[in-house]
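These notes are about the structure you will find just below.
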Amino acid sequence: MNSTKGIILALAFSVMTATSQAQITSKKSLNLDGARTVIAAAIAEAKKLNAPGGVIAVVDEGGNLMALERLDGTFAAGANISIGKARTAVIFKKPTKVFEDIIKNGRTPMVALNDFTPLQGGVPVLVDGEVIGGVGVSGAASAQQDEELAIAGANAAKDFSKSGNVAFFEKEKVKDAFAKGAVLFDGSDKYMVHTSRRDKAGMAEVHLKDADIIYVQEGAATFVTGGTVVGPKNIASDEVRGVQINGGETRQISKGDVIIVPAGTPHWFKEVPGPMTYYVVKAR
């Protein structure tokens, strides 16, 4: 009898456990580091496109603000608008441009919805097809550019689910990146990998926070380090550009060479006789 009762109790427990497990699902969440990575990717895209300003806001899956970054030159209302775009994108699980287009096509009663910002520039942040947050951008050069920055930020989340945060780039993607010169990987405040391309001399540069580790893939250049930057201008709080460098050390660099430029050191691609591609790892 006791044995029978034990079997019955075990079966009952198994049924209860299976039932409770069926009623619970696992869920991915966006943490603060992830939100900062999204913002860093959007800022990198803004620099690439020479965006005149912008506010990037990131919210969690419930629409709660997690992080916000305001670039120089952005209008005062940009923060609230960006937050509204991010919330709308995550709550409705669609880019905000969808709703802007719907309203333009005549469905104006939608504007009466609460907590609704139907302006282009809000994009859901997804991992493995699941919405874990939203990113909104306002104050760039145009509504389209707002969305481009938001998409760049949201795309950074594609690597969140990879085991050990390993990033892998197939050769075709690398080839395409070198063709236009692009940020291949953005590790936020730790390091970045650029696939750089140039076919002429550049401006003198000083990165106050980043060390540049340069590996020449193809081509050659006359490269100057040290010395004094002529006509220095701050293009950001930690970035200086100038016309050229007086003094310094001049080297000829070519395919296969590696040169490491410490943070705060002026450097300049003085002469580039032909197309040149090179990796730059920016380390902090």
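The values are calculated or read from the model by the stated rules, or taken from the named source; none is laboratory data. This structure is a prediction, so every number in the text was calculated from the model and none was measured. With ideal geometry, Cβ positions are generated from the backbone for all residues, glycine too; neighbour counts draw on all protein chains shown.
The criterion of being exposed (fewer than 13 other Cβ atoms within 10 Å of the Cβ), at positive phi and in a loop (DSSP other than H, G, I, E, B) holds for Asp115. Each residue in the stretch 227-284 was checked for being at pLDDT below 95, in a strand (DSSP E or B) and among the polar types (S, T, N, Q), and 1 of them qualify. Of everything in the stretch 260-284 that's farther than 15 Å from Gly202 by Cβ and hydrophobic (A, V, I, L, M, F, W, C), which residue is surrounded by the fewest Cβ atoms within 10 Å (Cβ to Cβ)? Of everything passing the filter in the stretch 260-284, Ile260 is surrounded by the fewest Cβ atoms within 10 Å (Cβ to Cβ). Being among the aliphatic types (A, V, I, L, M), modelled with pLDDT of 90 or more, in a helix (DSSP H, G or I) and in contact with a Ser or Thr (Cβ under 7 Å, 6 or more places away or on another chain), is that true of even one residue in the stretch 50-68? Checked against the condition, which is being among the aliphatic types (A, V, I, L, M), modelled with pLDDT of 90 or more, in a helix (DSSP H, G or I) and in contact with a Ser or Thr (Cβ under 7 Å, 6 or more places away or on another chain), the stretch 50-68 yields no hits at all. Condition check: part of a loop (DSSP other than H, G, I, E, B) and aliphatic (A, V, I, L, M). Does Ala141 satisfy that? Yes: the conditions hold for Ala141. One residue stands out in the stretch 22-43 among those that are surrounded by fewer than 20 Cβ atoms within 10 Å (Cβ to Cβ) and small (Gly, Ala, Ser): the one that is modelled with the highest pLDDT, namely Ser29. Does the stretch 204-226 hold any residues that are more than 25 Å from the chain's Cα centre (by Cα), part of a loop (DSSP other than H, G, I, E, B) and under 24 Å from Asp186 (Cβ atoms), and which are they? If the condition is that a residue be more than 25 Å from the chain's Cα centre (by Cα), part of a loop (DSSP other than H, G, I, E, B) and under 24 Å from Asp186 (Cβ atoms), then no residue fits. Take the conditions closer than 27 Å to Ala35 by Cα, over 18 Å from the mean Cα position of the chain (by Cα) and free of Cβ contacts under 8 Å to residues at least 24 places away in the same chain and apply them to Glu239. Does it pass? No: the conditions fail for Glu239.
Just one residue in the set Glu147, Glu172 is surrounded by 13 or more Cβ atoms within 10 Å (Cβ to Cβ) and either modelled with pLDDT under 90 or not in a strand (DSSP E or B) (or both); that residue is Glu147.
Looking at the stretch 121-138, which of its residues are buried (at least 24 other Cβ atoms within 10 Å of the Cβ) and either acidic (Asp, Glu) or in a loop (DSSP other than H, G, I, E, B) (or both)? Selection gives Gly121 alone.
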